[in-house]
Structures are given as structure tokens and as C-alpha cells.
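Trainee: The structure that follows is given in the form of C-alpha cells.
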Amino acid sequence: MTDMGKATAKIGGAVGVSLMVAAASVAGGQATANAQPASQQVRYTLTSAGAYEFDLFYLTAQPPSMEAFNADAYAFAKREKVNVAPGAPWVFETTLEDPQWAILTVSSTTRGGQAAPNARCDIAVDGEVVVQHEDPYNVRCQLSRW
């Protein structure tokens with residue numbers, strides 16, 4: 001191979017490597033841009049001024065769509081009775097890709113002769129309370145998907 005042929009081969013090889021690095025960089029940038037958003041920590045909290053039993057309904061996992069939720073709500077949500085007392089809140093944590101799906105509805109089960117429980121709920125996303133509601137008996141905390 002002549003000196004000219006060797007020089008051309010070296011330049012061609014260098015250009016090829018440069019093009020491969022540039023292509024990998026573009027592909028990596030597109031993969032980052034198309035990456036799924038990180039899940040966010042969602043915390044539901046219920047407090048009460050007295051010891052009471054409550055009926056709760058809350059989202060435990062994010063549905064792919066409202067249609068999927070409507071078709072089988074209990075695949076994504078839970079309904080249960082809990083007892084809450086002052087200084088002993090009920091707390092549930094989950095992760096959601098879109099925390100706007102978060103919802104917590106609370107109904108008190110007070111009987112005649114009992115004072116109002118003065119319930120309070122809140123939803124925190126990544127440690128920051130984003131919605132809260134207080135009511136003597138029933139509270140509902142929800143974000144925008146509802």
C-alpha cells in the first residue's frame with residue numbers, strides 16, 4: 001500500500017469512528033428523551049379529632065386509563081374500614097407515574113350520640129402536601145384525574 005493509500009485509510013477510519021460516536025450520541029439523546037418519567041411517591045394520610053372508624057376508598061396502583069379503571073376499579077383501588085385516633089393517623093404510601101391519579105375518599109361511621117370526628121385527609125407527592133380537606137364527617141382528597 002502506498003503512503004497515500006495508508007493516509008486515506010487512516011482518515012476514512014477516523015471519519016467512520018467519528019460518525020459512529022455521533023450516531024450513538026444522537027441515539028442516546030433520543031432514548032433519554034423517550035424514557036418514561038420516574039414514578040413519584042404518593043402518601044395518603046387521614047387524621048381524626050377522636051377515635052373513630054372510617055370507610056376508606058383509595059387508589060393503590062395507577063390504571064393505564066380511566067376505561068381500565070371503570071372496567072375493574074378494584075384492580076387499582078382498595079376499599080376498607082380503619083380505626084383512627086388522635087395521634088395515630090392512618091397512612092398509606094404507593095408510587096404512581098402520574099400522581100394526578102391519586103384519590104382518597106373517607107366516610108365516618110359515627111353513630112348517634114357521638115361527636116363529629118372532624119376528619120382531615122391529605123395527599124403528599126414526594127413529601128410535599130398537594131391537597132388537603134377537612135370536614136366534620138366525610139372528607140375527599142383527590143387530584144386532577146378525577
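Trainee: Most exposed first by the Cβ proxy, i.e. fewest other Cβ within 10 Å, how do W146, W101 rank?
Mentor: Going from least to most buried by this count: W146, W101.
Trainee: I would also like to ask the following. Please give me the summed charge of the neighbours of G127: other residues whose Cβ is under 13 Å from its Cβ, Lys and Arg +1, Asp and Glu -1.
Mentor: -3
Trainee: What residues qualify as long-range amide H neighbours of A102, i.e. H under 5 Å apart, gap of 5 or more or another chain, H built at 1.01 Å from N?
Mentor: Answer set, sorted by chain and number: L143.
Computed from the coordinates by the stated procedures, all read-outs in this text should not be read as laboratory data. Everything quoted here is computed from the prediction, not taken from an experiment. Reconstructed Cβ throughout: ideal geometry from the backbone, glycine too, with neighbour counts over all protein chains shown.
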